[in-house]
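Following: one structure in structure tokens, then a few remarks.
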Amino acid sequence: MLQINFIKENKEEIIRLLAIKNFKAAELIEEVILLDDQRKGTQKILDDQLAESNKLAKQIGVLYKSGEAEKANEYKQKTAELKQSSKKLADDLALTSKTLTDKILEIPNVPHPSVPAGKSDADNELIYEEGEIPALIDDAKPHWDLAKKYDIIDFDLGSKVTGAGFPFYKNQGARLQRALINFFLDEAIAAGYSEYQPPLFVNEDSAYGTGQLPDKEGQMYHIGEDNFYLIPTAEVPITNIYRKVILKEEDFPIKNVAYSNCFRREAGSYGKDVRGLNRLHQFDKVEIVQVQHPEKSYETLESMKDYVASLLRKLELPFRIVRLCGGDLSFTSALTYDFEVFSAAQKRWLEVSSVSNFENFQANRLKLRFKDKDGKTHLAHTLNGSALALPRIVAALLENNQNAEGISIPSALRNYTGFDLIS
RNA sequence: GGAGAAUUGGCAGAGUGGUCGAAUGCGGCGGUCUUGAAAACCGUUGAGGGUCACACCUCCGGGGGUUCGAAUCCCUCAUUCUCCGCCA
């Protein structure tokens, strides 16, 4: 969420930039400013009344001790009245504050000036492309057929045991999964990240902290009895490590990596895009998360982008990087780079990673702050990126590397898989 | 799952109805001393709201209550520890 003072001080600029996200903010912002003034006004009156009550309560104590019970009772009468009206004021204040917070929560993060205008992914800006799109053999198959042919992923079995979008990985398919997870983790550790193994369920506060609540409830699996949410990404538990934390400046940069299962209900998805591994309810992902000083967060975003590119290069996959346009940018992000690999048999670019700078938007919700040299506290910046999500990487590897003998494994992975060929 | 104990500032730990946002120690920061450092000594050191700045208000695990007044009493939830049960 944006900070109220930031909104007040940069009203016009915010409205202008949010227009790039196709968000009409003017009215909402006026409302928010009005509510905040209202909040302050009510609080001032309440504070004065509480101050008066506090003073009287102290005097009553003194009066009792000196035996002036009559006077004390008179004061008691006064505090009783004050108590009634301050109770009402406190209720008003709570309501105003709640309304204010709810309204601010409706305002998306302000996009970075480099974010191009646009409505959909068609308007994303291509900024980089690398690798050769492979020429496939004559009877090249999409990955769901290859999965069956080599008996490495069983979608039907998953449907039987759980439901659509929960596949079984088998034999060389299962080993490929493990290989990719270990490869991604080892690479991240070599790049200076600390590995975490997070819980796969989080509580309500954590789901709120990274912005999944109050808005995207429908996207998460929820365990009603214990009020836990299944994580849609390791970003949620890893970033929430720093909820209500005040860091020291020398703690920066914090670089964490975590492998986790990810669970997404994907309500509303349908059609050809969801075939095979393209969209699952449960999948595996290695996520990198950084917490940075505000002055360095964009530098960090670039380094994370370069890091993800290095992974795809090692996997020998043709990829491109796009800068998301305003319309495609998520609610919480200020700037996002998407990585897409070309899946040759489907003849499609598949999104495999999203690297984002949230600036202080998440930090504000999380109350993630740091103390500067003068002892003042400021909000930190948070960033994250997939490095990488497995299913579409697997889809591309299977499709792009298929040949007459089987599916060849890129050399960077062979030490991890223990085999060169899926056959 | 059952029984008991606990939860206070960065940490340790006092505080059982008013003078407590909270003793004391450690740690941190600033200073004196020193060629420099250590030691010693002096000072300072939680967060949020509010204000030009003060004043003032809120916060002692979360929420609710009793009282003129709550860190302190009551209810409730969470967490931690110990014992019993079960168990990878």
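In a fully extended conformation the segment linking A:Ala190 and A:Ala267 would gain 24.0 nm over its present Cα-Cα distance, using 0.36 nm per residue.
Evaluating 6.51 cos²θ - 1.76 cosθ + 1.60 at θ = phi - 60° for every residue in region A:48-56, the Karplus couplings come out as 5, 5, 5, 4, 4, 4, 4, 5, 4 Hz, glycine and proline recorded as x. A:Phe358 sits among other residues whose Cβ lies under 11 Å from its own Cβ, and their net charge, with Lys and Arg +1 and Asp and Glu -1, is -1. Placing unit charges on the Cβ atoms of the charged side chains and taking the dipole of region A:36-91 about its Cα centre, the candidate lying farthest along the positive direction among A:Ala90, A:Asn73, A:Leu46 is A:Asn73.
Summing Cβ point charges (Lys, Arg +1; Asp, Glu -1) relative to the Cα centre of region A:127-172 gives a dipole of roughly 400 debye.
Largest GNM mean-square fluctuation among A:Ser297, A:Ser206, A:Ser194, using chain A with Cα springs under 10 Å: A:Ser194.
When chain A is treated as a Gaussian network with alpha carbon springs shorter than 10 Å, the biggest mean-square fluctuation among A:Asn171, A:Asn203, A:Asn357 belongs to A:Asn171. Take A:Ser53: with every protein chain present and a 1.4 Å probe, its accessible area is about 20 Å². Remark: spin-label model distance A:Leu157-A:Glu125 equals 4.7 nm, labels positioned 7 Å along the Cα→Cβ axis. Protein-only accessible surface at a 1.4 angstrom probe places the residues A:Val32, A:Val62 in the order A:Val62, A:Val32, largest first. Residues in region A:216-224 carry Karplus couplings, in order, of 10, 3, x, 8, 10, 6, 10, 9, x Hz; the curve used is 6.51 cos²θ - 1.76 cosθ + 1.60 with θ = phi - 60°, and Gly or Pro positions show x. Taking 12 Å as the cut-off, the amide N atoms of region A:279-302 that come nearer than this to a point 7 Å along the Cα-to-beta-carbon line of A:Ser114 belong to A:297-302.
Across chain A, C-alpha contacts under 8 Å between residues 6 or more apart give a mean separation that, scaled by the residue count, equals a relative contact order of 20 percent. Taking amide H as placed 1.01 Å from N in the peptide plane, A:Glu195 has its amide H under 5 Å from the amide H of A:Val257, each at least 5 places away in sequence or on another chain. Label-to-label distance, A:Lys373 versus A:Asp102, with points set 7 angstrom from Cα along the beta-carbon direction: 4.6 nm. A DSSP coil position with no more than 12 other Cβ atoms inside 10 Å describes the following GluC sites (Glu not before Pro) in region A:193-257: A:Glu225.
The length gained by stretching the chain between A:Ala69 and A:Asn415 to full extension, at 0.36 nm per residue less their Cα-Cα distance, is 115.9 nm. If R0 equals 25 Å, the separation of the Cβ atoms of A:Glu405 and A:Asn171 corresponds to a calculated FRET efficiency of about 0.90.
For the residue pairs A:Lys58/A:Lys87; A:Lys21/A:Lys367; A:Lys160/A:Lys285; A:Lys24/A:Lys216; A:Lys119/A:Lys305; A:Lys44/A:Lys296, the alpha carbons lie more than 27 Å apart in A:Lys44/A:Lys296. Applying the Karplus relation 6.51 cos²θ - 1.76 cosθ + 1.60 with θ = phi - 60° to region A:296-304 yields 3J(HN,Hα) values of 10, 5, 6, 4, 5, 4, 4, 5, 5 Hz, where x marks Gly and Pro. Since only A:Asn401, A:Ile321, A:Leu277 are under comparison, the one whose Cα sits farthest along the positive direction of the charge dipole of chain A, derived from C-beta charges on Lys, Arg, Asp and Glu, is A:Leu277. Remark: chain A carries a charge dipole of roughly 1020 debye about the Cα centre, counting +1 on each Lys and Arg Cβ and -1 on each Asp and Glu Cβ.
Report the residue, chosen from A:Ala80, A:Ala395, A:Ala94, that carries the largest GNM mean-square fluctuation when chain A is represented by alpha-carbon nodes joined by springs under 10 Å. So, out of A:Ala80, A:Ala395, A:Ala94, the one fluctuating most is A:Ala80.
The charge dipole of region A:287-423, taken about its Cα centre with unit charges on the Cβ atoms of Lys, Arg (+1), Asp and Glu (-1) only, comes to about 380 debye.
Orientation-averaged projection of region A:1-56 equals 4.5 nm² [convex hull of Cα atoms, one quarter of hull surface area]. Comparing A:Leu63, A:Val32, A:Phe6 along the charge dipole axis of region A:1-71, the residue lying farthest to the positive side is A:Leu63, per the Cβ-charge model.
The values are calculated or read from the model by the stated rules, or taken from the named source; none is laboratory data. Here the structure is a predicted model, which is why all the values come from computation and not from measurement. Don't worry about glycine lacking a Cβ; one is built from the backbone with ideal geometry, like all the others, and counts go over all protein chains shown. Side chains are part of the model used for accessible areas, which takes the heavy atoms of the whole protein and leaves out ligands, DNA and RNA. Shrake-Rupley method; radii C 1.70, N 1.55, O 1.52, S 1.80 Å.
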